[in-house]
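Written out below as structure tokens is the structure these notes cover.
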Amino acid sequence: MPATDTTAPADTQARQRWMSVLAKAPADRLAALWSDLGDSPDWSYLRRPETGMIMLRGRAGGSGQRFNLGEMTMTRCSVRLPDGRVGHGYVAGRRQDHATTAALVDALMQDEAARPALEAAIIEPLTLEADAKRAIAARKAAATKVDFFTMVRGE
Amino acid sequence: MYVAVKGGERAIDNSRLLLAEERRGDPAVPELTLAQIDQQLSLAVDRVMTEGSLYDRELAALAVKQAQGDLIEAIFLLRAYRTTLPRFGYAEPLETAAMHLRRRISATYKDLPGGQVLGPTFDYTLRLLDFDLAENGATPEAEMAEEPLAGAMPRVADILGHGGLIEPETPQDDRPVGDVTRDPMTFPADRDARLQALARGDEGFLLSLGYSTQRGYGKNHPFAGEIRLGEVAVEFVPEELGFPIEIGEITITECQMINQFQGSTTEPAKFTRGYGLTFGHCERKAMAMALVDRSLRAQELGEEPKAPAQDQEFVLYHADNVEASGFTQHLKLPHYVDFQAELVMVRRMRETAANNATPGDDFEEAAD
């Protein structure tokens, strides 16, 4: 996964991983898993969900000079828990509930005691589902890989 | 003479209503949903996102629906919408070498590492109308290999690069990135501004220009070094976090053209490059963009620009279909006063000519 900076501290890497899973999850699926969890903790907005854009960039030749490719819609939200922990949600698209839930889970996951339960209830199923979907696409693509063979031409 | 004209409000309102009715078509036919457009007209959505310069499948599908399938009109709608949103920042450059590939081909290496992966393509279709599609109901299923395709595959240009046979691309990350949506274009334009303008540019215009280079107007001997389609993560560094996070995943198409270069007195012969990158699956556009990117590099590579595709001002000032469409279609706006003025002037010129003519010239004033 390119975003995970392998030189970053372990807790940063862990957070990068769950934030990535939350952002890439289908919004409806995340909402369903979140509501299955039941009682929502007390929380308040630090920054209400807001939709805007980020400019996406490419590199000439894939590895050269940067250039602006075009924008993408993005929604962000920040929440605060009663104990002061802050969670951020940054998600592609315009679904404000997606950004809010991602921010809430991000805040809750920072409590190491609460983390395993959330990991099992939300992060793990989302990861497995994304992996399965990806594997199917990769197997379909693999079926279109060309096997060259050489025709032996005799005298 | 100046005549202020008002009126037509009711005609305009009724025209809008008529348009809405025409857009809907026969109410006995079920209405299209955005999900249907997204899923079944996905390449239209891809083009609208690329040239509309905004990645949002649902908004692009809405634009296609609202524009009755007129893609340039849909691109205009998406461009207009993007001006209403704030820009939160800039993503990290997309790491195309880490793409999850669904298609990857090279016309330069048969046995490239990772192999030739055809993916979904029109290339091997017979281009015969498929009347089975006229009937509803079929749900085709793709074959699945036992093993998934390898995750990341090296870019072909990077493989060739090792021998020094191809010009390297250097990151130059200390340079600011030009933005043609914020700063007016200046010439000669830097490659970042050119690539951005080409990425937003009209597919038809770039396709024809690319084709013109192949036919000899600014020839540069292209090979399709690599074309790849797949999904790539979008990374962003929020200020309050200070480290990159992935905020989603998008589909992109990348094309690396490899072009011959004769070499010069200071440089040995080597291959040069042209680059194309689009949102979604826009392969023809990515290829055309790569051809035109290379042709616009004529000057920096010491080639004498002679052909239209090598002329930066010509290409970059005319590639945007929203601008081109606007200026062409503004001719429909009332030009009554302009035309009145021209009419008076033409009459006066003819009168002057008639008065100066000698009686024997048999000149007649035809405008009366």
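Every number in this text was worked out from the coordinates using simple rules, so none of it is lab data. Computed from a predicted model, the values in this text were never measured in an experiment. Neighbour counts run over all protein chains shown; Cβ positions are idealised from the backbone, glycine included.
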Looking at the square roots a ≥ b ≥ c of the eigenvalues of the Cα gyration tensor of segment B:90-154, which shape do they give, rounded for a/c under 1.5, prolate if a/b is larger than b/c, or oblate? prolate
Determine the gain in length on full extension of the stretch B:His330-B:Glu9; use 0.36 nm per residue of separation and subtract their C-alpha separation, reporting nm with one decimal. 113.7 nm
I need to check one value: relative contact order of chain A, counting alpha carbon pairs closer than 8 Å and at least 6 residues apart, in percent. 20
Relative contact order in percent for segment B:11-82 (Cα pairs under 8 Å, 6+ apart) equals 28
Between A:Ile136 and A:Asp28, what FRET efficiency comes out of the Förster formula 1/(1 + (r/R0)^6) with R0 = 22 Å and r the beta carbon distance, rounded to 0.05? 0.70
Neighbours of B:Pro176 by Cβ distance under 11 Å: Lys/Arg at +1, Asp/Glu at -1, summed charge -4
Which FRET efficiency value, to the nearest 0.05, do you get for B:Thr186 and A:Asp36 by plugging their Cβ-Cβ distance into 1/(1 + (r/R0)^6) with R0 = 60 Å? 0.60
Which whole-number percent gives the relative contact order of chain B, counting Cα pairs below 8 Å spaced six or more residues apart? 16
Long-range amide H contacts for B:Ile166: which residues qualify at under 5 Å (H placed 1.01 Å from N, peptide plane, sequence gap of 5 or more or a different chain)? B:Phe271
For chain B, take the longest principal axis of its alpha carbons; what is the angle in degrees between that and the long axis of helix B:283-295, to the nearest 10 within 0 to 90? 80
Any idea what Rg and Dmax come out to for segment B:203-350 if you just take the C-alpha atoms, in Å? 22.1, 75
How long, wide and thick is segment B:37-120, going by the Cα atoms along their three principal axes, in whole angstroms, largest first? 47, 32, 20
Chymotrypsin sites (Phe, Trp or Tyr not before Pro) within segment B:95-124, DSSP loop, no more than 10 other Cβ atoms inside 10 Å: B:Phe122, B:Tyr124
For the residue pair B:Ala20 and B:Gln260, what label-to-label distance in nm results when each label sits 7 Å from Cα along the Cα-to-beta-carbon direction? 6.0
I need the trypsin sites (Lys or Arg not before Pro) found in segment B:70-130, filtered to DSSP loop residues with at most 14 other beta carbons within 10 Å of theirs. B:Lys110, B:Arg127
Roughly how many nanometres apart are two label points built 7 Å out from the Cα toward the Cβ at A:Ala8 and B:Glu141? 4.0
Expressed in nanometres to one decimal, the distance between label points 7 Å along Cα→Cβ at B:Leu128 and B:Arg87 is 5.1
Between exposed chymotrypsin sites (Phe, Trp or Tyr not before Pro) in chain A, where DSSP calls loop and at most 13 other Cβ atoms lie within 10 Å, what's the longest gap? A:1-147
To the nearest 10 degrees, how steep is helix A:96-109 against the longest Cα principal axis of chain A, on a 0 to 90 scale? 80
To the nearest 10 degrees, the tilt of helix B:336-356 (Cα long axis) against the first principal axis of the alpha carbons of chain B is 50
Candidate cut points under trypsin sites (Lys or Arg not before Pro) in segment B:296-339, DSSP loop plus at most 14 other Cβ atoms within 10 Å of their own Cβ, are B:Lys306
For the pairs A:Lys145/B:Lys285; A:Lys24/A:Lys133; A:Lys145/B:Lys110; B:Lys65/B:Lys332; B:Lys219/B:Lys270, note any where the Cα-Cα span goes beyond 21 Å. A:Lys145/B:Lys285; B:Lys65/B:Lys332
Report, to two decimal places, the Cα Rg of segment A:32-155 normalised by 2.2 N^0.38 Å (N = number of residues). 1.60
Taking each pair of different alpha-carbon atoms in segment B:11-82 once, compute 1/r for the pair, average those values, and report the inverse of that mean as the Kirkwood hydrodynamic radius in Å to one decimal. 12.5
Based on the mean of other Cβ atoms within 10 Å per residue, sort peptides B:165-171, B:290-296, B:181-187 so the most packed one is first. B:290-296, B:165-171, B:181-187
